[in-house]
Amino acid sequence: MSRTHLNLLALGLAVAVSAVLVIWLLASGGSSTTPTAGDRPTLVSQAQLERFAGAVDFPVQWAGPNPGSSYELTAAPGRIWVRYLPKGVNAGDPRPNYLVVGTYKQPHAYAGLLHAAKQPGTVSKKIADGGLLVYSTARPTSVYFSYPGVKYQVEVYAPSPETARSLVLDGKITPVA
């Protein structure tokens, strides 16, 4: 098996494992307190989200405040997901109908995206501040981005591929203050 095939296999396996982890975390229920690593999806206020973000060692990303939404926070070691749920939708709702912003601590995040951008079936675009956005044409509803020198990668999932891309390209994904 060639090195390219092994790299594609490893990338595909990483994406599949991440997808299974996200689905498991999103489907595993909720509680009423601010989560810690390993907890289930939890509905939190903006203030709770801000406190949580201040307690981790990498910048938790989100799409900013949305008064019409509840914030679902899910945490695992090195991985944080903020999901925007309409009022009345419970934490852990398994439907993929909602915006999710995931932040993944990775020591070589930008280099990983540069590598992924060279793979068949991917699209990449330069973004502000020297960043790079990458997505697969097979899964265009999830876009990934990072910047040179940072140790995290961000995934933006939206039911609409155009929404996922525009949130990143328009600079709407920022650290939780």
Which residues, taken from the stretch 95-128, are over 30 Å from residue 68 (Cα atoms) and in a helix (DSSP H, G or I)? 109, 110, 111, 112, 113, 114, 115, 116, 117
Scan the stretch 72-82 for residues that are over 9 Å from the mean Cα position of the chain (by Cα) and not hydroxyl-bearing (Ser, Thr, Tyr) and jot them down. 72, 73, 75, 76, 77, 78
Single residue of 117, 53 found to be closer than 18 Å to residue 150 by Cα, among the aliphatic types (A, V, I, L, M), surrounded by 16 or more Cβ atoms within 10 Å (Cβ to Cβ) and more than 16 Å from the chain's Cα centre (by Cα): 117
Only residues in the stretch 116-144 that are closer than 18 Å to residue 157 by Cβ and in contact (Cβ under 8 Å) with a residue 24 or more places away in the chain count as the first member; pair them with residues that are among the basic types (Lys, Arg) and surrounded by fewer than 18 Cβ atoms within 10 Å (Cβ to Cβ), Cβ under 7 angstrom, at least 6 apart or cross-chain, and list the lot. 133/125
If we keep just the residues of the stretch 85-113 that are crowded, with 20+ Cβ neighbours inside 10 Å and among the aliphatic types (A, V, I, L, M), which is nearest to residue 61 (Cα to Cα)? 101
Identity of the residue in the stretch 121-137, hydrophobic (A, V, I, L, M, F, W, C) and either farther than 19 Å from residue 99 by Cα or touching an Asp or Glu at 6+ places or on another chain (Cβ under 7 Å) (or both), that ends up surrounded by the fewest Cβ atoms within 10 Å (Cβ to Cβ): 128
Select, from 92, 121, the only residue that is touching a Gly at 6+ places or on another chain (Cβ under 9 Å) and on the phi > 0 side of the Ramachandran plot. 92
Just to be sure, is residue 166 part of a strand (DSSP E or B), under 27 Å from residue 41 (Cα atoms) and among the small types (Gly, Ala, Ser)? no
So in the stretch 138-176, with the set limited to residues that are more than 13 Å from the chain's Cα centre (by Cα) and of a type in the set (A, V, I, L, M, F, W, C), which one is surrounded by the most Cβ atoms within 10 Å (Cβ to Cβ)? 176
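A short reminder: the numbers here are calculations on the coordinates, not readings from a lab. Quantities reported herein were computed from a predicted structural model and do not represent experimental measurements. Glycine also receives a Cβ, built like all others from the backbone with ideal geometry; neighbour counts cover every protein chain displayed.
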